[in-house]
């Protein structure tokens, strides 16, 4: 989940949500409560208000448990436009969600779900200074909240604008149909993270690895260009559905791989279910989970054919599992860039590679550069496994 997106969404609602909480505590009259709700609906729209209430219902019990988070929420509710207060809230939400995957999944589901009335709504929260900036473009059936200096032009009907003008006179609102060029489709890229650690296999620090990716996104100046989707304990069915539902451009798998190890290869890795053999007839593939959490081996041929069906969408695949170079070679017949591991790789090295790779990618660098930085991150940690990752190109 993008912490910045969650913070931006909930911030303008907090004054109203906390007022309703106070009214409930103080046993306010039903009329007063209804008035507060009506004010919120009038300002934000019913669909957005319902979604905000759902988010707050999920968050509030944890907010009440943590004094620092409660203080950050109270500060933002007092002054929603204060950037320092918003930054403090982002930090506290980040800590909370990093330790509560169930809550993260619940909030993600709420924020991604369509509103109950299926109204086509869009919420945009921005702070803009200047009178010659095109910041939104074309919007239909949406709502705009923020501080705006200058003119506001909204094309279409059914739109509402709630703004605070820096001038004594409110900025003019034009709802005519000017010749505004159509805004191109969203350029936001989706990173789909798939994780599996089946029962009976070595426990991996997958949570730490995924957290490194999320933290890299949160600190990136290009964080608005990416979003992260997570799927845990994935089965083959989950992978197929995640590819269909998320339409990712980058797919990252973290887990175990099965392959053939050489006699002289170190066996200290945590990400392999290796066969120590000189033969090449042993089974190879990636380990996912079955319906009861046990290991499910997916062959190289099957995983390659799956990715071939999404070759028009996916740009890069990272297989952060041992002996995955074989799968990477097969997938690269269909996908431009694929990273795999040519032998066993330890947990520390795998996490270091992830950190370096996504620090670069989320900073706007190329996949090739990100791969090199990931390998160097392993080397900088003093881990002698920096040659294990390999980059395959179509």
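Read-outs: derived from the displayed coordinates by stated rules, not from any lab. As the structure is a computational prediction, the values presented were derived from the model and not from experiment. All Cβ positions, glycine included, derive from the backbone under ideal geometry; neighbour counts span all protein chains shown.
Need one number: nm distance between label points at residue 313 and residue 187, each 7 Å from Cα along Cα→Cβ, rounded to one decimal.
Each label point is offset 7 Å from its Cα along the Cβ direction, giving 2.1 nm.
Rg over Rh of the range 3-112, using C-alpha atoms and the Kirkwood radius, what does it come to?
Radius of gyration relative to Kirkwood radius: 0.95.
Could you please rank 85, 371, placing first whichever residue has the fewest other Cβ atoms within 10 Å of its Cβ?
Listed from fewest to most nearby Cβ atoms, that is 85, 371.
Given a Förster distance of 35 angstrom, what is the FRET efficiency for residue 57 paired with residue 240, based on the Cβ-Cβ distance and rounded to 0.05? List each step's numbers first, then the result.
On the way: r = 32 Å, r/R0 = 0.92.
E(calc), rounded to 0.05, equals 0.65.
Which ordering of 380, 111 is given by a fewest-first count of other beta-carbon atoms within 10 Å?
Values: 380 12, 111 16.
So the ranking, lowest neighbour count to highest, is 380, 111.
For the residue pair residue 249 and residue 305, what label-to-label distance in nm results when each label sits 7 Å from Cα along the Cα-to-beta-carbon direction?
The two pseudo-label positions are separated by 3.0 nm.
If I model a spin label at residue 225 and residue 103 as a point 7 Å from the Cα along the Cα→Cβ vector, what separation in nanometres do I get?
In this crude label model, residue 225 to residue 103 measures out at 3.2 nm.
If you average the C-alpha positions of the range 303-376 and of the range 190-261 separately, how far apart do those two centres end up, in angstrom?
So the two Cα centres are separated by 12 Å.
In which sequence would 289, 313 go, from the one with the fewest C-beta neighbours within 10 Å to the one with the most?
Ranking 289, 313 by Cβ neighbours within 10 Å, fewest first, gives 313, 289.
First obtain the Kirkwood hydrodynamic radius of the range 189-393 from its Cα pairs, then insert it into the Stokes-Einstein equation at 25 °C and 0.890 mPa s, and state the resulting D in µm² per second as a whole number. Before the final figure, lay out each step's value.
Values: Rh = 16.7 Å.
Result for D is 147 µm²/s.
Classify the range 354-394: rounded, prolate or oblate, from the alpha-carbon gyration tensor (a ≥ b ≥ c, eigenvalue square roots; a/c under 1.5 rounded; otherwise prolate if a/b is larger than b/c)?
Oblate.
Between residue 68 and residue 329, take the C-beta separation as r, use R0 = 45 Å, and let me know the FRET efficiency to the nearest 0.05.
On the way: r = 49 Å, r/R0 = 1.08.
After rounding to 0.05, the efficiency reads 0.40.
Answer rounded, prolate or oblate for the range 291-380, using the Cα gyration tensor with square roots of eigenvalues a ≥ b ≥ c: rounded when a/c is under 1.5, else prolate when a/b is larger than b/c, else oblate. Walk me through the numbers on the way to the answer.
Numbers: a/c = 2.05, a/b = 1.27, b/c = 1.61.
Oblate is the answer for the range 291-380, as a/c is 1.5 or above yet b/c matches or exceeds a/b.
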